[in-house]
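Let me begin by presenting the structure, written as structure tokens, before commenting on it.
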Amino acid sequence: MQSGGHDASIITRYSDLEYNLSAYEDYPWTKDYPEPLKQVQYQSERHIDPITEGLKLANEQNQRLQNELHEMHKKFDTLSARTKQLELSVSTNGMPNSIDKYDRYLPPKAITYERSVRENKNDQFDQHEHSQQKSLNTLDKRITHASPAPSISTSNINKLRNPLAPQSYDPVGGFIIFFDFIANLPSTIQQCCLITSIHHPKSGLGEPSQLQPLKCEQYIDGKNDEPMNIALIATKQPVPGCPPQQALTIVIEVQTSTNKKASSEELQTNAWTKLALFDNKNRLYSGRWKVPLKALPIRQDESLAVISRAPTFGRAELYYRLVNSQDGDDQSDAPLSLKHRDHYAYPLQVCLLIVINNMQCYNGKREKESMTVEIDFLKNFGLFYVKLSHKVFESDF
């Protein structure tokens with residue numbers, strides 16, 4: 001008691017011993033058969049050192065972070081190897097000797113939406129009313145799955161109105177480009193075909209990928225009831241594993257023919273254009289875009305600013321969508337119709353050129369006119385959404 005008078009465990013043990021001894025007094029016959037005592041080792045309460053516990057927790061956290069970092073390194077080993085191969089191909093001034101350097105950026109073939117035969121009427125090119133779309137061929141299994149015919153439901157209309165807001169770009173998944181249609185082709189053209197190629201200023205053009213030849217058809221514009229020669233492409237092309245580099249672009253070569261029965265070998269190149277992919281912060285230019293087709297010759301090595309001032313191929317324009325890989329399924333279900341071409345915007349370089357041209361004086365004459373130019377810049381990866389209204393009052397040029 002002197003050493004542990006204030007220890008609850010010792011007091012409890014002492015009470016038990018006292019109780020057992022009193023039992024012998026009440027029952028004397030048990031004296032010769034005493035209950036054996038059990039020796040219990042005294043264990044004091046363990047003292048917790050806060051410094052030691054803190055170090056232990058810090059070491060555990062450090063180990064967990066190291067494991068996560070190791071997993072991240074393993075995950076991006078493949079991506080790093082692909083990027084190094086691209087940089088190696090870019091470092092040489094010559095053309096690549098093999099398709100292997102570009103096959104990870106261009107798919108083996110493009111996937112075309114299946115269209116059913118339709119009557120020749122104003123809404124003949126409204127795909128959501130008459131046709132089915134097919135999803136992409138998976139690159140590994142080469143399997144095509146048929147999806148139900150998209151309808152004009154609220155969800156699909158919302159997908160059409162979706163501004164394709166900026167998202168983080170996944171270099172492993174890459175991006176998908178939807179070639180929708182070409183409008184305002186010359187009336188004499190009966191067939192056309194697109195040939196796409198990845199381009200880099202140092203390594204030049206990659207291996208070309210040819211799309212299926214298309215029959216041109218007449219479309220009655222509902223706004224002004226004027227006939228329009230169009231080519232409904234309805235083709236999407238996945239580009240997986242593409243590293244984000246502003247220097248990378250896509251060069252489109254347009255082959256045409258005035259003979260509706262001409263073979264693909266008889267088609268001749270008559271127009272072209274060049275599409276930007278990434279901005280100066282290496283973010284994807286996702287959105288719905290339209291670009292004018294350019295007249296020959298093809299000058300793929302020129303900058304986009306210079307190309308935007310090149311002569312155009314009549315009034316022909318290519319309508320396309322550029323989306324991240326994770327948006328591919330949603331955009332595949334979006335309605336495809338020339339009625340919705342107002343949802344497509346000009347890229348920044350083309351918008352600026354329109355403003356400049358509208359402010360120029362033609363034929364050196366001093367003209368007085370009043371005009372309003374309204375241009376919508378789509379807020380897409382660094383492109384500010386601006387409603388620019390420029391009023392030119394009567395004045396001398």
### Message
With the structure loaded, tell me whether Lys281 is under 29 Å from the mean Cα position of the chain (by Cα), of a type in the set (D, E, K, R) and assigned to a loop (DSSP other than H, G, I, E, B) or whether it fails that test.
### Response
yes
#### Entry: Of the criteria (1) at pLDDT 90 or above; (2) small (Gly, Ala, Ser); (3) out of contact with any Leu (no Cβ under 6 Å at 6 or more places or on another chain), which one Gly328 fails
(1)
### Task
Identify, by number, the condition in (1) in contact with a Pro (Cβ under 8 Å, 6 or more places away or on another chain); (2) surrounded by fewer than 19 Cβ atoms within 10 Å (Cβ to Cβ) that Leu284 doesn't meet.
(2)
### Query
Checking Ala276 against (1) surrounded by fewer than 19 Cβ atoms within 10 Å (Cβ to Cβ); (2) out of contact with any strand residue (DSSP E or B) (no Cβ under 8 Å at 6 or more places or on another chain); (3) farther than 17 Å from Asp180 by Cβ, which test does it fail?
(2)
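Given the condition farther than 19 Å from Ser303 by Cα, modelled with pLDDT of 95 or more and in contact with a strand residue (DSSP E or B) (Cβ under 7 Å, 6 or more places away or on another chain), answer yes or no: does some residue in segment 240-253 qualify?
As a first pass, look at segment 240-253 and keep what is farther than 19 Å from Ser303 by Cα: 240-243.
Subsequent filtering for residues that are modelled with pLDDT of 95 or more retains none.
No, that holds for no residue.
Yes or no, residue by residue, for (1) closer than 15 Å to Asn184 by Cα; (2) outside any loop (DSSP other than H, G, I, E, B); (3) touching a Pro at 6+ places or on another chain (Cβ under 7 Å):
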site	(1), (2), (3)
Ser197	no, yes, yes
Ala234	no, yes, no
Gln255	no, yes, no
Trp272	yes, yes, no
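Provide a single number: the residues in segment 199-221 that are outside any loop (DSSP other than H, G, I, E, B) and within 27 Å of the chain's Cα centre (by Cα). Working first, answer last.
Initially, segment 199-221 is screened for residues outside any loop (DSSP other than H, G, I, E, B), giving 199-200, 204-205, 209-210, 214-215, 217-220.
The next check asks that each one be within 27 Å of the chain's Cα centre (by Cα); those that pass are 199-200, 204-205, 209-210, 214.
So the count comes out to 7.
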### Residue under evaluation Ser264, criteria (1) at pLDDT 90 or above; (2) over 19 Å from Ser325 (Cβ atoms), criterion not met
(1)
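The values are calculated or read from the model by the stated rules, or taken from the named source; none is laboratory data. Computed from a predicted structure; not experimentally measured. Quick reminder, even Gly has a Cβ in these numbers, built from the backbone with ideal geometry, and neighbours come from all protein chains shown.
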